[in-house]
Amino acid sequence: TIPLFLHTFIFRASGLVSLPSILLLGPSGSGKTSLLTLFERGANASTHTSQSPIAVECSLPVGAIAGTDKYRSINDPTNLTHKKFLLLDTPGHGKLRHHALETITNPQNLKGVIFLVDAANMATGDEGLRQTADYLHDVLLLLQKRMSNGASKAPKEMAVLIAANKMDLFTALPAALVKSSLETEITKLRVSRSKGLLDSGVNMGDDGEDNDDWLGEMGSKDFKLSQMEEFNIMVEVAGGNVTGNANVEKWWKWVGDRL
Ligand code: GDP
């Protein structure tokens, strides 16, 4: 294997992303910038920021053991080396969203997607919930299409972490409720979108496939995140908070398991 420093050097020198990368998505205000700063700092004083404004080089802190190291002894000195990865930040603003979605369709060593949500801004009937669900729906649909069209570049499995942020606020929904609220909202979205497509005839004659834009299990009444497993997309929801007394352990562990 190539030594890590060489890996980093090659990345820097050629602009090729050779480090594993994690894509960070989510509506604006969900805490992406804050999380990026925290992850970049990590527990390692010598982390460097890459040239590219959207790719930040991070390292998994000591204590959060990467998945491939699971069976190593605690006393094994290799546990002290930081696992490096790139965190790709993306603008959450609606108009800039296509940049974020491009990274999904054209990934370089993409290991997973973190979709950050503001758990304190997800009350039923809230505009925040609707917008968040809308964005998540688009991200999952894009992944579903990519995984199901058998593209040679498509990975066998893609992991998505819905990181329910701002758990320090008392108005924040617990992770289980964040999950069910998003599922309920996407259920509604799915129906209204497919109806819209039928009405406009958009899908007519589209190489005979009229199911392309339906997220999850065909014919299902309720959308469940678990329906994505059929497309080898594993979605998890975990709570945490970035600011204040930061609690991002579950997210770190999830990242570690993907590296
Ligand atoms: P971005 O638009 O997704 O990049 O979000 P920012 O990182 O700019 O965060 C938006 C706002 O939420 C800022 O005022 C942050 O200080 C705040 N914020 C981010 N994470 C947390 C958190 O875990 N708890 C609380 N209470 N506020 C947070």
Worksheet, complete the sentence: Given 111-124, 221-234, the highest-first ranking by average Cβ count within 10 Å works out to 111-124, 221-234
Worksheet item: Ordered by residue, what ³J(HN,Hα) values in Hz, to whole numbers, does region 122-127 give under the Karplus form 6.51 cos²θ - 1.76 cosθ + 1.60, where θ = phi - 60° and Gly and Pro are x?
Response: 10, 5, 4, x, 6, 5
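Which FRET efficiency value, to the nearest 0.05, do you get for T171 and E249 by plugging their Cβ-Cβ distance into 1/(1 + (r/R0)^6) with R0 = 22 Å? Numbers along the way, then the final one.
Numbers: r = 22 Å, r/R0 = 1.01.
For T171 and E249, the calculated efficiency is 0.50.
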Worksheet, complete the sentence: Between K195 and D134, the two model label points (7 Å from Cα along the beta-carbon direction) sit apart by a distance in nm of 1.7 nm
Item to complete: With θ set to phi - 60°, apply the Karplus curve 6.51 cos²θ - 1.76 cosθ + 1.60 along region 20-32 and write out the HN-Hα couplings as whole Hz, x wherever there is a Gly or Pro.
Response: x, 10, 10, 8, 9, 10, x, x, 5, x, 7, x, 4
Response to the item:
The pairs in K32/K166; K224/K250; K111/K253; K179/K250 lying past 18 Å Cα-Cα in this model are K224/K250
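Give me the extension gain from D222 to D126: residue separation times 0.36 nm, minus the current Cα-Cα distance, reported in nm with one decimal. Mind dumping the intermediate values first?
Working: separation 96, 0.36 × 96 = 34.56 nm, distance 1.99 nm.
Gain on stretching D222 to D126: 32.6 nm.
Please give the net charge around G125, taking every other residue with its beta carbon less than 12 angstrom from that of G125, where Lys and Arg add +1 and Asp and Glu add -1. Walk me through the numbers before you get to the answer.
On the way: positive: R130, K188; negative: D126, E127, E185.
That sum, taken over residues with Cβ under 12 Å, equals -1.
Just order 173-181, 26-34 by mean Cβ neighbour count inside 10 Å, highest at the front, would you?
Descending packing order for the listed peptides: 26-34, 173-181.
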Worksheet item: Taking amide H positions as placed 1.01 Å from N in the peptide plane, with prolines and chain starts having none, which residues 5 or more places from F115, or on another chain, fall under 5 Å of its amide H?
Response: L25, L161, I162, A163
Response to the item:
Sequence order, region 233-240: Karplus ³J(HN,Hα) from phi using 6.51 cos²θ - 1.76 cosθ + 1.60, θ = phi - 60°, Hz rounded, Gly and Pro as x, gives 10, 9, 9, 10, 10, 9, x, x
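Values quoted throughout were computed directly from the atomic coordinates according to the rules given, and no laboratory measurement underlies them. Just so it is clear, the structure is predicted and the values come from calculations on it, not from any experiment. Here Cβ is always computed from backbone atoms with ideal geometry, including for glycine, and neighbour counts include all displayed protein chains.
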